[in-house]
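Asks: Handing you a structure now.
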Amino acid sequence: MLTHAITADPVLEFVSDVRAGLTLRGQKELPSKYLYDDVGSALFEVISVLPQYGLTRADERLLRRHASEIADNVPKHVAVAELGSGSGKKTRWILKALCRRQHISYFPIEISPTALAMCERELGDIESMSIVGFEREYLDGLIEVVARRHDGQSILVLFLGSTIGNFDRPAAAKFLREVRNILQPGDSLLLGTDFEKPIPQLIAAYDDPLGVTAAFNLNLLARINRELDADFVLEQFEHVAKFNPDARSIEMHLRSRIDQNATIPRAGLSVSFREGETIWTESSHKYGWTEPLRIAKDAGFVCKAQWIDQEWAFAENLFIAE
Ligand code: AVJ
């Protein structure tokens, strides 16, 4: 299948986000999307097979078990846009179920070129499906996909794996509203959401005893060292996972073990840290049982169907644009 990536300019954006996040006066922060370079993506693959982290397996189970039922609930003539395709492994089942009915186009949208290439390799063998990858931010990519819509074709957006959880609630609502505005009535969105769980279970999932999540988090500083010539001493930072009861999210931070400085030459920056000060690197919001229904409604969708995993409280929610 013909494949080509359409590229924007990632390096400048990384520099400016790092500068903005580390020069904040209060809580320093770095956007979680930068966790996923080649090393980070590989570490996340390991996280997803850890016994303490059931989220990805729940997502995969649901997509595998209910693929044909999900396909039956979307229009036959469909183009699929996936926001953050990752390796593409879990998407295979749903794509195959859709292809059984009619030829489909699949557009993975992904900022990591490596993940995009992996996804295209992983799924390139599916018959009666064409793949065109977009190396783009989600909404920019989605706009490009919609511009390629054929007459009578509907769009199915996949936003799986609880990536929505990385947005805080207002940002998630705004994002889904933007997705809705790019779509037309009758288009669909399959959204994966992770439900609230006991706090100790959440902490264990985000601070595993093998230290894989710690490595995943610390890799963000290693990445800044590699790509921006910075001199972060990784041993002088530690991974912290904590539950934020107001936001109902698990936060990952990197805590400075001592008073120290780091220089980031390619961002023209020197940053100081006090002992105990943290860089906030990710939030994973957890949802109440009925929250997906309200989220759908607030963004201009109706929740047509929902599939819930029995082992790990997680749902695939099928939203239809109104
Ligand atoms: C891939 C965003 C769903 O938030 O649970 C896993 C990333 N961070 N362990 C999540 C993650 C720490 C993950 N998502």
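Asks: Counting just the residues of segment 106-136 that are charged (D, E, K, R) and away from the ligand (no atom under 16 Å from the Cβ), which one comes out farthest from L55 (Cα to Cα)? First the steps, then the outcome.
Replies: As a first pass, look at segment 106-136 and keep what is charged (D, E, K, R): 110, 120-122, 125, 127, 135-136.
Now drop any that are not away from the ligand (no atom under 16 Å from the Cβ), which leaves 120-122, 125, 127, 135-136.
Working: E120: 23, R121: 24, E122: 21, D125: 27, E127: 29, E135: 25, R136: 25 Å.
Filtering segment 106-136 for residues that are charged (D, E, K, R) and away from the ligand (no atom under 16 Å from the Cβ), the one farthest from L55 (Cα to Cα) comes out as E127.
Asks: Just to verify a result, which residue in segment 269-281, among those that are in contact (Cβ under 8 Å) with a residue 12 or more places away in the chain and closer than 26 Å to V11 by Cα, is surrounded by the fewest Cβ atoms within 10 Å (Cβ to Cβ)? Please lay out each step first, then the result.
Replies: Taking segment 269-281 first, the residues in contact (Cβ under 8 Å) with a residue 12 or more places away in the chain are 269, 271-281.
The next check asks that each one be closer than 26 Å to V11 by Cα; those that pass are 269, 271-273, 278-281.
Numbers: L269: 16, V271: 19, S272: 11, F273: 22, T278: 19, I279: 23, W280: 17, T281: 24.
Looking at the filtered set, the residue picked out is S272.
Asks: Please work out if R100 is under 21 Å from the mean Cα position of the chain (by Cα) and among the basic types (K, R).
Replies: Working: under 21 Å from the mean Cα position of the chain (by Cα): no; among the basic types (K, R): yes.
No.
Asks: Conditions first: (1) under 26 Å from D246 (Cβ atoms); (2) aliphatic (A, V, I, L, M); (3) out of contact with any Gly (no Cβ under 9 Å at 6 or more places or on another chain); (4) open to solvent by less than 60 Å² (accessible area, probe 1.4 Å). I182 passes all but one, so which condition is the exception?
Replies: The single condition I182 does not satisfy is (1).
Asks: Taking segment 82-103, which residues are buried (at least 23 other Cβ atoms within 10 Å of the Cβ) and either without any contact (Cβ under 8 Å) to a residue 12 or more places away in the chain or more than 21 Å from T56 (Cα to Cα) (or both)?
Replies: L98
Asks: Which members of segment 120-141 meet the condition of being within 26 Å of G40 (Cα to Cα), open to solvent by less than 20 Å² (accessible area, probe 1.4 Å) and not aromatic (F, W, Y)?
Replies: The answer is L123, I131, G133, G141.
Asks: Just one of the numbered conditions (1) open to solvent by less than 10 Å² (accessible area, probe 1.4 Å); (2) closer than 24 Å to Y34 by Cα; (3) among the small types (G, A, S) is not true of A117; which one?
Replies: Of (1) open to solvent by less than 10 Å² (accessible area, probe 1.4 Å); (2) closer than 24 Å to Y34 by Cα; (3) among the small types (G, A, S), only one is false for A117: (1).
Asks: Does any residue in segment 186-215 that is touching a residue at least 12 places away in the same chain (Cβ under 8 Å) come within less than 9 Å, Cβ to Cβ, of a residue that is within 11 Å of the ligand (Cβ to nearest atom) and of a type in the set (K, R) six or more places away or on a different chain, and which pairs are these?
Replies: T193/K286; D194/K286; F195/K286; E196/K286; K197/K286; L202/K286
Asks: Within segment 237-262, restricting attention to residues that are over 30 Å from A172 (Cβ atoms) and surrounded by 15 or more Cβ atoms within 10 Å (Cβ to Cβ), which residue is nearest to the ligand (Cβ to nearest atom)?
Replies: So, considering only residues that are over 30 Å from A172 (Cβ atoms) and surrounded by 15 or more Cβ atoms within 10 Å (Cβ to Cβ), the one nearest to the ligand (Cβ to nearest atom) is A262.
Asks: Is it fair to say L63 is within 16 Å of the ligand (Cβ to nearest atom), in a helix (DSSP H, G or I) and crowded, with 20+ Cβ neighbours inside 10 Å?
Replies: Numbers: within 16 Å of the ligand (Cβ to nearest atom): yes; in a helix (DSSP H, G or I): yes; crowded, with 20+ Cβ neighbours inside 10 Å: yes.
It is true that L63 is within 16 Å of the ligand (Cβ to nearest atom), in a helix (DSSP H, G or I) and crowded, with 20+ Cβ neighbours inside 10 Å.
The values are calculated or read from the model by the stated rules, or taken from the named source; none is laboratory data. Just so it is clear, the structure is predicted and the values come from calculations on it, not from any experiment. No Cβ is skipped: glycine too gets one built from the backbone with ideal geometry, and neighbour counts run over all protein chains shown. All accessible areas refer to the heavy atoms of the entire protein, side chains included, with ligands and DNA or RNA removed. Shrake-Rupley method; radii C 1.70, N 1.55, O 1.52, S 1.80 Å.
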